[in-house]
Amino acid sequence: MNKENCALVGVLGTAMLSIVLTCGMTAHAAVDIKENGTSIITTAKIVPLGANVSLTAVCSDHDGDGPLVWTSTWEFLDNSTQGRCNQHSITSTGVANTAGTWTITASCPDHAPTGVTGTLKIEEVSSLTIAGATEWATDIYATPQQAGQNVTITAVLNPTASAGDLPANFVTWSGGIAGADQLQRVVSRTTPTDVTVTATCGTSSQSVRIVVRRVDGANAVVTPTSSPTINNPGPANNCTPDDPDDHVVWHTTYNSADDNWYVRVDSLTLTGTININPWPSQPSSMVVPNTANPVDGGNINNVVGSNNRWSYAQSDMGDYDSPGAGRGPHWHSTSASSAHEMYHWNTEWMNISMGPTGGDWADTESDLELLTVSGASNLTEANAIASLTSAVNTRLATFRSAAWTCWAALPGEPGTGAGAYAAGMAVLNGLITNIETYRLSKSW
């Protein structure tokens, strides 16, 4: 036997092969196994589940006619597959569809029965471990919001492998952000989120849902915000609020101490329509109706019987807040109408009707923020809001009814203590005083 030099090469493409070769009566130090030009005798070949694998055994004893055979624990390789040394090689291809560590031996027994042996590791993602969150249900984890903290998801491979054993991008991820290495993924707890994180290795994958629950800081009392539509000029003089609960904005916040979601009110915006109908103002014309302009060249005189006489203008405005009176036919001002309607809005609606004798917004907000649902039954903030909406609406209905009852009971006629008429009268009193000052200056 003068041709005893046999070489065995394992070619796996994206697969892993480790092979031991002896051929002939003597093992030769020149024997090597390479995969894409790199020796793989001492390093296991790692491939992902589902990878296409091609194994080639090559014998350099081209003149030999002994068998060249596989021996393997890998289910794909048929141990009866064989070639001849003088045929240079035998090749087997297949799909790495079963995870595990597989021993593969290629030998030419006529020359040396021990062969060259190596290892093929077919990896799958078998499970995920979660740190920084609590299991809420199968493959669902929840954690409260906390600035600067993360949930860490670690992929566990079968067979066991560390990140340093793996080629780049061997395990890929969706959801979350990169972790310490390719076996880890993180989800920030700084802001609320609901994300599914998936680790993939070949055709294997594992997923987990991570919910970071909203946690608010210190609560703040919500003061109603005024946002009426003001039409000036408008078709008439009136103030019409909308339902006070039309624009209540709220959310929920999670408390890990008792595992409950709580209502947290964001804002109450009060809307409605205020119409101001302009009163005529011709400051240099002796006509009525008009707005008093008691100056030389103005619209006030001392002509007896004239509707522009100083005393008549004072009298026509002076009984604005008297029982059965109100605005006179000839003398008034747009400013007085505006003061009247804005008192309805700013004082009677925004203040009195929202206060303790009305809807009592402060008490309403306090009651709303005592409403809770369990975190054990409501995974996300959206779930909690859905569960709390009915109770919130019930409490707001009570608030709405009380606010309207208060509004309707406020005095609204002149001479009855109606604040809106008093506000308009204050403006008219200023005009009356100006007329009196002008009269005295003219010695009328």
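Every read-out reported here was derived from the displayed coordinates using simple, explicitly stated rules and does not represent laboratory data. All figures in this text were calculated on a predicted structure; none of them were measured in a lab. Here the Cβ positions follow ideal geometry from the backbone for every residue, glycine too, while neighbour counts run over all protein chains shown.
How big is the C-alpha Rg of the stretch 181-262 next to the rule-of-thumb value 2.2 N^0.38 Å, as a ratio? Numbers along the way, then the final one.
On the way: Rg = 23.8 Å, N = 82, 2.2 N^0.38 = 11.7 Å.
The stretch 181-262 yields a ratio of 2.03.
Using only C-alpha atoms and all pairs of different ones, pull out the Kirkwood radius for the stretch 124-213 in Å with one decimal.
Details: mean 1/r = 0.0764 Å⁻¹.
Every distinct Cα pair counted, the radius reaches 13.1 Å.
In nm, give the distance between the simple-model label positions of Val156 and Asn302, each being 7 Å from the Cα along the Cα-to-Cβ direction.
Modelled inter-label distance: 10.6 nm.
Suppose we keep just the DSSP beta bridges with both residues in the stretch 191-334; what percent of those would be antiparallel, to 5? Show your work: numbers first, answer last.
On the way: 21 of 28 bridges.
Percent antiparallel among DSSP bridges in the stretch 191-334 is about 75.
Gain in length, Thr172 to Asn277, computed as 0.36 nm per residue apart minus the alpha-carbon separation, to one decimal in nm?
Values: separation 105, 0.36 × 105 = 37.80 nm, distance 6.93 nm.
Gain on stretching Thr172 to Asn277: 30.9 nm.
Using R₀ = 60 Å, calculate the FRET efficiency as 1/(1 + (r/R₀)^6) where r is the Cβ-Cβ separation of Asn97 and Ala218; round to 0.05.
Working: r = 57 Å, r/R0 = 0.95.
It comes to 0.60.
Using 0.36 nm times the number of residues separating Ser256 and Met286, minus their current alpha carbon distance, what extension gain do you get?
Details: separation 30, 0.36 × 30 = 10.80 nm, distance 7.56 nm.
Working it through step by step, the gained length comes to 3.2 nm.
Cα centroids of the stretch 316-330 and the stretch 162-231: how far apart, whole angstrom?
Cα centroid of the stretch 316-330 versus Cα centroid of the stretch 162-231: 68 Å apart.
With labels modelled as points extended 7 Å from the Cα through the Cβ direction, what inter-label distance (nm, one decimal) is found for Asp243 paired with Thr129?
About 5.5 nm separates the two model spin labels.
At a 10 Å Cβ-Cβ cut-off, how would you order Ile276, Ile385, fewest neighbours first?
Working: Ile276 23, Ile385 17.
With the sparsest Cβ surroundings first, the list reads Ile385, Ile276.
Using mean Cβ contacts within 10 Å as the protection proxy, how do 414-421, 151-158 order, highest first? Kindly include the intermediate steps, with their values, before the conclusion.
Values: 414-421: 17.8, 151-158: 21.4.
The peptides rank, most packed first, as 151-158, 414-421.
Using label points projected 7 Å from each Cα along Cα→Cβ, tell me how many nm separate Asp181 and Ala408, to one decimal.
With each label point 7 Å from Cα toward Cβ, the separation is 7.4 nm.
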